[in-house]
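The values are calculated or read from the model by the stated rules, or taken from the named source; none is laboratory data. Note that the structure is predicted; figures quoted are calculated from it, not measured. For neighbour counting, all protein chains shown are included, and Cβ atoms are generated from backbone atoms with ideal geometry for every residue, glycine included.
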Amino acid sequence: MFNLDWEVKNLSFKVDIKATIIATLVLVLSAAIINFVPLLAILIIPFITIPGTILWYRSKPSFFVTVVITLCATVLFNHVFLLTAMTLVIFMSVFIGQLLIERTSKERMLYLVTTFMSILTIGSVLILQITGNLPLTSKFFSQYHDVLLSYFQMGGNITTEIEESLQVSLEILQASIPGYIVLWVFLLVLVNLVVTFPILRKFKVATPVFRPLFMWQINRSVAFVFVITVLVSLFVTQDNVVAYGIVTNLQFVLEWVIFIQALSLFHLFVKVKKLPIIVGVIIFVMAFIFKPFAYLFGLMDIWFNLKQRIKK
């Protein structure tokens, strides 16, 4: 997927001093602002991949120098979450930059970067939990459950039904966290591609444009990996925390990718059949409500190319 050529004869070790200094200053300044004013991260993060993407596209040696200096400077802030965020940003810059070099379509770039960044983000959360920098999800929700239970007990209106309903609701919310992470990563990548590509063009970086949703097509390997993941999940128990977390979260990521394929299929169906807009909206809403059926259609389209049948 990433055709990186590491042959020395094809890799110039000349570092662009000016570009390296500018990119390093931008990244370090961004890290400093996020460290002291975390709320500004909302405005900074969509643009923060620009320096790394340009350097990876033009000069990999300059990129590596910038990364080393930036991470060393970030370590000085003594903030593990900031260091994690900057590391993820660097990986995202590499993914986008390499896909631009390979002239990947924008929609394929969207779901590939979303997939990789979702896996890295969820993996980072697991590592932070294992190292004790983040509380375990089960422990956090257990404490939250105790707080809510105490609140109801103070009101004097706690019943067995309410307690059971509260427990079930929290379990559902806990199980949905990986899905929410994937959703937010998807939105972040989407915003990033939309707002940064016009800027990248000004630096003479060739960028693609989005094709219509109905033209999107995911590689069959995604379905193959998904099936293997589901089969493995049948034999992994919650007692094996690390393996269970990896398999479960990978399944969430792949489900989201397959869901996008299902939406692409539905979009083509609406277009070919020339259905009214309101009908198309209803179909999309139903897809979100009945996701298991959408996953099924997405898998079938990947395996059997249902779009070709619809076109006929």
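Do you know which residues across the stretch 223-252 are among the aliphatic types (A, V, I, L, M), in contact with a helix residue (DSSP H, G or I) (Cβ under 7 Å, 6 or more places away or on another chain) and at pLDDT 80 or above? Listed by number, the residues that qualify are 223, 225, 230, 232. Give the residue, chosen from 100, 88, 110, that is in contact with a helix residue (DSSP H, G or I) (Cβ under 7 Å, 6 or more places away or on another chain), under 29 Å from residue 135 (Cα atoms) and assigned by TED's automatic domain parsing to the domain that holds residue 195. Testing whether each residue is in contact with a helix residue (DSSP H, G or I) (Cβ under 7 Å, 6 or more places away or on another chain), under 29 Å from residue 135 (Cα atoms) and assigned by TED's automatic domain parsing to the domain that holds residue 195 leaves just 88. Among the residues of the stretch 261-275, the one identified as free of Cβ contacts under 8 Å to residues at least 40 places away in the same chain and within 22 Å of the chain's Cα centre (by Cα) is 262. Among the residues of the stretch 258-283, the ones that are under 25 Å from residue 230 (Cα atoms) and surrounded by fewer than 16 Cβ atoms within 10 Å (Cβ to Cβ) come to 0 in all. Of all residues in the stretch 76-88, none are under 25 Å from residue 205 (Cβ atoms), in a loop (DSSP other than H, G, I, E, B) and over 17 Å from the mean Cα position of the chain (by Cα).
Can you say whether residue 184 is under 21 Å from the mean Cα position of the chain (by Cα), aromatic (Phe, Trp, Tyr), modelled with pLDDT of 75 or more and not assigned by TED's automatic domain parsing to the domain that holds residue 250, as far as the supplied structure shows? Taking the combined requirement at face value, the residue satisfies it. When we screen 258, 282, 228, 278 for residues that are in contact with a Gly (Cβ under 6 Å, 6 or more places away or on another chain), assigned to a helix (DSSP H, G or I) and without any contact (Cβ under 8 Å) to a residue 60 or more places away in the chain, the only hit is 258. The residue that is surrounded by the most Cβ atoms within 10 Å (Cβ to Cβ), counting only those in the stretch 207-218 that are in a loop (DSSP other than H, G, I, E, B) and either touching a residue at least 60 places away in the same chain (Cβ under 8 Å) or β-branched (Val, Ile, Thr) (or both), is 216.
Filtered by the rule that a residue be in a helix (DSSP H, G or I) and over 19 Å from residue 188 (Cβ atoms), the stretch 96-125 gives a lone residue, 101. Among the residues making up the stretch 192-233, a single one is basic (Lys, Arg) and touching a Phe, Trp or Tyr at 6+ places or on another chain (Cβ under 9 Å): 220.
Name the one entry in 204, 106 that is of a type in the set (Lys, Arg), under 30 Å from residue 47 (Cα atoms) and surrounded by 13 or more Cβ atoms within 10 Å (Cβ to Cβ).
Just one listed residue meets the conditions, 106.
In the stretch 9-60, of all residues being over 26 Å from the mean Cα position of the chain (by Cα) and among the β-branched types (Val, Ile, Thr), the one that is surrounded by the fewest Cβ atoms within 10 Å (Cβ to Cβ) corresponds to 17.
For residue 51, indicate whether it is modelled with pLDDT of 90 or more and of a type outside the set (Val, Ile, Thr). So residue 51 fits the description; yes.
Within the stretch 140-152, residues that are closer than 12 Å to residue 163 by Cβ have Cβ atoms under 8 Å from residues that are modelled with pLDDT under 75 and not in a helix (DSSP H, G or I) in these pairs: 149/158; 152/158, counting only partners at least 6 apart in sequence or on another chain.
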